[in-house]
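Single-structure report; data block below.
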Amino acid sequence: MTRFVGVRDMVRWVSSRAPQAVIAGMVDYLDEDFRRWEQFERAPRVASHTPYGVIELMPTSDFEKYAFKYVNGHPSNPTLGFQTVTAFGLLSDVRNGYPILLAEMTLLTALRTAATSALVARQLARPDSTVMGMIGSGSQAEFQALGMRAALGINTLRVWDTDPLAMQKFVRNLEPLGFDIRIASSAADATAGADVVTTCTADKALATVLRDDMVQPGMHINAIGGDCPGKTELDPAILDRSTVFVEHTAQTRIEGEIQQKPESFPVTEFWQVLTGDAPGRVAADQITVFDSVGFAIEDFTALRYLSDQVLGTEYEVQIDLVAEPDDPKDLFGMVGVLAPIV
Ligand code: NAD
């Protein structure tokens, strides 16, 4: 039997712990796995692009466990009543190849993306950061806010989205959790005076959601939404005066903000900051950019964390995903006896 965490159980598990606590716990697991980055299989994800959006498979292994995530990215989906991003994923045992845990990952992806942002911001943002400017207040946004509170204690938010209803939803969801939120009149208004800026928009375009003149010395930019070829958020001039940190360089050159730059554009892989192999922030007035696209190891970690947390609890069920005949060579015996004779 295979362990399964569906949407209902994921919601119950996250609610029982509170989303910020789940994110904080996942940060610790990510910290462990980023520090052993080189032990993992690492390759850019496999993407299938259509005019509608992208469907991606994200595999990796630490040679003990193997994981993959199926994820879509369809920026026009909300206008049709669907979400931009949905996902599910699997953790398996490399010894026999059998699945261990199948899980919904739409919610888990939002949690892991926030946890990754939090881990990075803890290293790269100024520790005295108090205000975050948030551009884009769709599905990922509240999770991102909770991640920054977990990492830096940020409670003051300025939000801008082209959709006023999305901003109202953001305020409605987060004010009860003690955030001080102001709905801004523009992206420039949201980012004025911010210590951290999160861009989290969805548009299949080389967009300039964050202009160079909105970026002040000392800012940490957590760039989440530019994660596909032809889909960016930052004015490339920002990159020229920032230190840019990435997950897996080969994938980010295809998908991230740095797709706007030549192959020679210098970046630092974030795991190296954690292990001390590369510097992180070295000056208070330095501009740091996390060019986030989401990498398979983060999903591996999220599944590893989930697996540990829900093992043997009421938040998982067992499903018969794999056919298991009594005799491992007699697969036909499972169906042959019952098959009608013609
Ligand atoms: P969503 O569609 O729910 O929300 C996106 C929001 O951006 C919408 O409310 C939309 O109105 C707003 N928006 C679009 N263009 C804008 C602009 N120019 N200015 C201000 N607001 C604008 O999408 P989501 O699930 O929140 O995802 C957001 C982005 O993050 C997507 O591009 C998605 O692919 C990406 N993403 C990245 C990672 C990662 O690991 N880096 C993980 C998950 C999602």
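Could you tell me whether region 38-57 includes any residue that is under 30 Å from D326 (Cβ atoms), touching a residue at least 40 places away in the same chain (Cβ under 8 Å) and touching a Phe, Trp or Tyr at 6+ places or on another chain (Cβ under 8 Å)?
There is no residue in region 38-57 that is under 30 Å from D326 (Cβ atoms), touching a residue at least 40 places away in the same chain (Cβ under 8 Å) and touching a Phe, Trp or Tyr at 6+ places or on another chain (Cβ under 8 Å).
Residue check: is V71 assigned to a strand (DSSP E or B) and either within 12 Å of the ligand (Cβ to nearest atom) or in contact (Cβ under 8 Å) with a residue 12 or more places away in the chain (or both)?
Answer is yes for this residue.
Hey, any hits in region 298-318 for a residue that's surrounded by fewer than 19 Cβ atoms within 10 Å (Cβ to Cβ) and more than 30 Å from A21 (Cβ to Cβ)?
No, that holds for no residue.
Within region 1-31, which residues are of a type in the set (D, E) and either at positive phi or in contact (Cβ under 8 Å) with a residue 24 or more places away in the chain (or both)?
Answer for region 1-31, where residues must be of a type in the set (D, E) and either at positive phi or in contact (Cβ under 8 Å) with a residue 24 or more places away in the chain (or both): D9, D31.
Which residue, of M167, M134, is crowded, with 18+ Cβ neighbours inside 10 Å and out of contact with any helix residue (DSSP H, G or I) (no Cβ under 7 Å at 6 or more places or on another chain)?
Exactly one residue qualifies, and that residue is M167.
FYI, it's all coordinate maths here, none of it is from the lab. The structure displayed is predicted, hence computed values, not measured ones. Every residue, glycine among them, receives a Cβ derived from its backbone with ideal geometry; neighbour counts consider all protein chains shown.
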